[in-house]
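> My structure is below; once you've seen it, I'll send some questions.
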Amino acid sequence: MRQVSFGFLKDYKKEFGGSLLKGKRKTARPLSTKAPIHLVLKSTHSRPFHPTSRKLEKLFRTHAQKYGLKIYDLALNWSHIHALITIPSRQAYLAFIRTLTAGLVRLLSSTLGKSLKGLFDLRPFTRILSWGREFTSVRGYLELNQMEALGLIFRRDKTKAPRRGRVSWSLSPSPGQK
């Protein structure tokens, strides 16, 4: 007789942080040292992360190297940062995220010349991915997100997810052009 499914896998949470935590109790963040993680740092300030900023990218990569994280992809958008990473341990992730966010606040405060203490209103969003199709899909999403931030493409309708067979991206540099 074969086992059809694992019942405990249905209860396992893969996402944590961001707006998912509003009005919820504190729980442990699910992390994996074997699977890739999609990390999103979102700011409510007006456009603090410039997509072509080499200083921001260098800061991110320096902290990742210091704590042994591997970065597969990194996308700076105006209001948020996406990263596709793997972590060596929970302690390394916690130290990395603590020092990275403090470093980002310091760097942006000195660059913009004003205090940005409330740069991150929400906790970082993380999602555990599986290798293969899900990893490739998120990597493609990060690439599209980066191209949108650079103004190379734009999304026509941000409220709806694209249906199968429907193009939702355009190579036109401005939304007003046909």
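> Would you mind finding the one in S130, S115 that is of a type in the set (G, A, S), modelled with pLDDT of 80 or more and exposed (fewer than 13 other Cβ atoms within 10 Å of the Cβ)?
Details: S115 fails: modelled with pLDDT of 80 or more.
Unique residue meeting the criteria: S130.
> Next question, about the same structure. Residue by residue through the stretch 124-138, note down the ones that are in a helix (DSSP H, G or I) and farther than 13 Å from V40 by Cα.
To start, the set of residues in the stretch 124-138 that are in a helix (DSSP H, G or I) comprises 133-138.
Within the stretch 124-138, R133, E134, F135, T136, S137 qualify.
> Give the residues of the stretch 54-73 that are crowded, with 18+ Cβ neighbours inside 10 Å and either free of Cβ contacts under 8 Å to residues at least 40 places away in the same chain or not hydrophobic (A, V, I, L, M, F, W, C) (or both), sorted by residue number.
Passing the criteria: H63, A64, Y67, L69, D73.
> Can you pull out the residues in the stretch 11-69 that are at pLDDT 85 or above and of a type in the set (F, W, Y)?
F60, Y67
> Of I81, I97, which residue is in contact (Cβ under 8 Å) with a residue 24 or more places away in the chain, touching a Phe, Trp or Tyr at 6+ places or on another chain (Cβ under 7 Å) and either among the β-branched types (V, I, T) or in a loop (DSSP other than H, G, I, E, B) (or both)?
Details: I97 fails: touching a Phe, Trp or Tyr at 6+ places or on another chain (Cβ under 7 Å).
Step by step, each of I81, I97 is checked, and only I81 is in contact (Cβ under 8 Å) with a residue 24 or more places away in the chain, touching a Phe, Trp or Tyr at 6+ places or on another chain (Cβ under 7 Å) and either among the β-branched types (V, I, T) or in a loop (DSSP other than H, G, I, E, B) (or both).
> If P51 passes every condition in (1) surrounded by 13 or more Cβ atoms within 10 Å (Cβ to Cβ); (2) outside any loop (DSSP other than H, G, I, E, B) but one, which one does it miss?
(2)
> Further question: For the stretch 111-145, which positions are among the β-branched types (V, I, T) and under 13 Å from I81 (Cα atoms)?
Correct list: T126 only.
The values are calculated or read from the model by the stated rules, or taken from the named source; none is laboratory data. The shown structure was predicted, so the numbers you read here are calculated from the model rather than taken from an experiment. A quick note on method: Cβ atoms are made from the backbone with ideal geometry, for glycine too, and the neighbour counts reach across all protein chains shown.
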